[in-house]
Amino acid sequence: MKLVEDWLCDAARCEATKASYRCVFRGFNTWVIRHTHASNALGATRDDLLRYKAAIEKGHSDNTVFKYMVIVKSFYRYALGVGKMRTDITVGIRLRSPEKIHRRK
């Protein structure tokens, strides 16, 4: 999706970060296509986003959920800013703050 590449190029991020964002967003977009009536992430609703959050909370740590949701929220803020969305569907979706220390499992 061209919008995703524009979003990644617009922000001052290193290539490793862009690759991570791209991977996470690709997974989110695939989830949207498989689990909603939308044909891509731009067609997702706030309820779809809440269901995605609940789905990833089942198999991931709080830190990973936080990372994934921050990336998705960043995309939607960008899409709103460039006029691809009418409203920000991420408004009011709360995230648990990540732990301040890094823990290896």
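Values as computed for the structure displayed
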read-out	value
Options Phe25, Asn63, Thr87, ranked by Cα towards positive dipole end of the chain, top entry (Cβ charges)	Asn63
Global form of region 1-61, assessed from the alpha-carbon gyration tensor, a/c cut-off 1.5	oblate
Accessible area of region 7-105 divided out per residue, in Å², using a probe of 1.4 angstrom	66
Highest-first arrangement of 56-69, 5-18, where packing means the average Cβ count within 10 Å	56-69, 5-18
Net lengthening on full extension, His37/Ala11 (0.36 nm per residue, minus Cα-Cα)	6.4 nm
FRET E, pair Val82, Lys58, Förster distance 35 Å, beta-carbon r, rounded to 0.05	0.60
Contact order relative to length of the chain, as percent, for alpha carbon pairs under 8 angstrom and 6 or more apart	25
Rounded percent of accessible protein surface that carbon and sulfur make up, the chain, 1.4 Å probe	51
Cross-link reach list, aspartates and glutamates versus Lys2, counting only Cα pairs under 13 Å and skipping chain neighbours closer than eight places	Asp10
Estimated vicinal HN-Hα couplings, Hz - region 18-32 in sequence order (Karplus 6.51, -1.76, 1.60; Gly, Pro = x)	4, 5, 5, 4, 4, 5, 5, 5, 4, x, 5, 4, 4, 4, 4
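The values are calculated or read from the model by the stated rules, or taken from the named source; none is laboratory data. Predicted model only: the values in this text are computed from it and were never measured. Cβ: placed from backbone, ideal geometry, glycine included. Neighbour counts: every protein chain shown. Ligands, DNA and RNA are excluded from the accessible area calculation, which covers all protein heavy atoms including side chains. Shrake-Rupley method; radii C 1.70, N 1.55, O 1.52, S 1.80 Å.
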